[in-house]
């Protein structure tokens with residue numbers, strides 16, 4: 001069997017060389033002998049003689065331009081081969097595959113090579129943060145090469161945008177992340193990253209909103225996207241919509257700490273809308289999921305105070321007194337837990353007790 005396979009390979013090579021032009025045969029022999037200077041001389045001549053042969057541009061792309069990291073020239077030759085005949089089976093580095101598969105395989109290979117080189121620079125930053133800018137600039141160069149090799153990959157643009165943002169080039173960061181969405185408008189990662197990056201570089205909330213809306217449309221149960229979208233609605237004053245989205249995000253979140261943060265944000269919005277009982281419930285839930293959330297505890301105190309103040313306004317002093325007492329008890333518990341800020345809590349307690357005493361004095 002081994003003898004038969006070897007014989008078959010020899011026959012294939014004989015047929016191959018017999019069908020090739022003298023120019024292409026010379027180029028192939030030069031490649032076999034690792035004489036790439038000679039190959040780079042004869043491959044263009046071979047293309048001129050065999051203009052309809054898609055194998056030659058691919059061989060030149062891989063053996064000459066890719067080796068020199070001349071990515072623009074490589075991609076141009078890949079495109080030329082695809083235009084000639086994407087289905088034709090060709091021989092490249094000992095393998096017989098269709099043109100389209102060869103182009104796809106080598107595109108993926110060289111894209112990954114450049115992209116991974118960029119990622120390696122991030123690892124260096126962890127151990128040498130003083131030279132962060134230098135590493136980022138090298139990373140950007142590799143990611144730009146990856147874009148040239150595979151311009152359809154949205155992830156590369158997003159990564160490139162993050163690098164630009166880190167070195168303070170907001171304009172290029174904006175352009176890169178918008179390119180990511182243009183390349184793949186139905187990608188969750190592209191839209192979510194666009195919303196985040198554009199927000200960090202100072203774009204207006206109304207400009208950011210469509211990206212988070214699209215991200216939630218693509219992944220309706222993604223709590224991260226829901227949280228960001230709710231925050232944007234809050235910033236533009238649409239608090240009712242923000243409450244709906246925060247509530248939905250809470251339903252879809254399993255992480256207790258994140259869930260606590262979501263409840264805290266929900267409590268803040270209710271408090272601002274003067275929904276004090278709803279805010280107290282939300283803050284209480286936040287503390288349930290994170291018993292170290294002192295801000296949520298303080299939010300509960302404020303809710304109690306606001307409820308009491310409403311009773312005072314309606315001259316229901318007995319009810320007001322009860323809520324002031326609840327606020328005082330909760331604030332004292334919080335002071336005991338967050339003892340490093342004891343002085344601050346003592347000041348708040350002093351004011352709170354004055355309000356409580358006033359309500360008590362009005363009770364008949």
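What to note about this one:
- Assessment of the stretch 154-173 against the conditions (in contact (Cβ under 8 Å) with a residue 40 or more places away in the chain and either closer than 20 Å to residue 224 by Cβ or surrounded by fewer than 21 Cβ atoms within 10 Å (Cβ to Cβ) (or both)) yields at least one matching residue.
- Test: residue 218 is touching a helix residue (DSSP H, G or I) at 6+ places or on another chain (Cβ under 8 Å) and farther than 25 Å from residue 132 by Cα: yes
- Qualifying residue in the stretch 159-173 (condition: at negative phi, in contact with a helix residue (DSSP H, G or I) (Cβ under 7 Å, 6 or more places away or on another chain) and not in a helix (DSSP H, G or I)): yes
- Residue 51 meets each of the listed conditions (1) exposed (fewer than 14 other Cβ atoms within 10 Å of the Cβ); (2) more than 18 Å from residue 83 (Cβ to Cβ); (3) within 46 Å of the chain's Cα centre (by Cα) apart from (2).
- Filter result for residue 60 (modelled with pLDDT under 90 and either under 17 Å from residue 97 (Cα atoms) or outside the structural domain of residue 87 (by TED's automatic domain parsing) (or both)): no
- Scanning the stretch 11-22 for residues that are surrounded by 10 or more Cβ atoms within 10 Å (Cβ to Cβ), modelled with pLDDT under 90 and either part of a helix (DSSP H, G or I) or not assigned by TED's automatic domain parsing to the domain that holds residue 95 (or both) yields a total of 8.
- Checked against the criterion of being in contact with a helix residue (DSSP H, G or I) (Cβ under 6 Å, 6 or more places away or on another chain) and touching a residue at least 40 places away in the same chain (Cβ under 8 Å), the candidates 359, 286 yield just one match: 359.
- Hey, residue 206 at pLDDT below 95 and either buried (at least 23 other Cβ atoms within 10 Å of the Cβ) or more than 26 Å from residue 69 (Cβ to Cβ) (or both) or not: yes
- Only one of the listed residues (97, 90) is over 25 Å from residue 144 (Cα atoms), surrounded by 18 or more Cβ atoms within 10 Å (Cβ to Cβ), touching a strand residue (DSSP E or B) at 6+ places or on another chain (Cβ under 9 Å) and modelled with pLDDT under 95. That residue is 90.
The values are calculated or read from the model by the stated rules, or taken from the named source; none is laboratory data. Given the structure is predicted, the values throughout are model-derived calculations rather than measurements. Here Cβ is always computed from backbone atoms with ideal geometry, including for glycine, and neighbour counts include all displayed protein chains.
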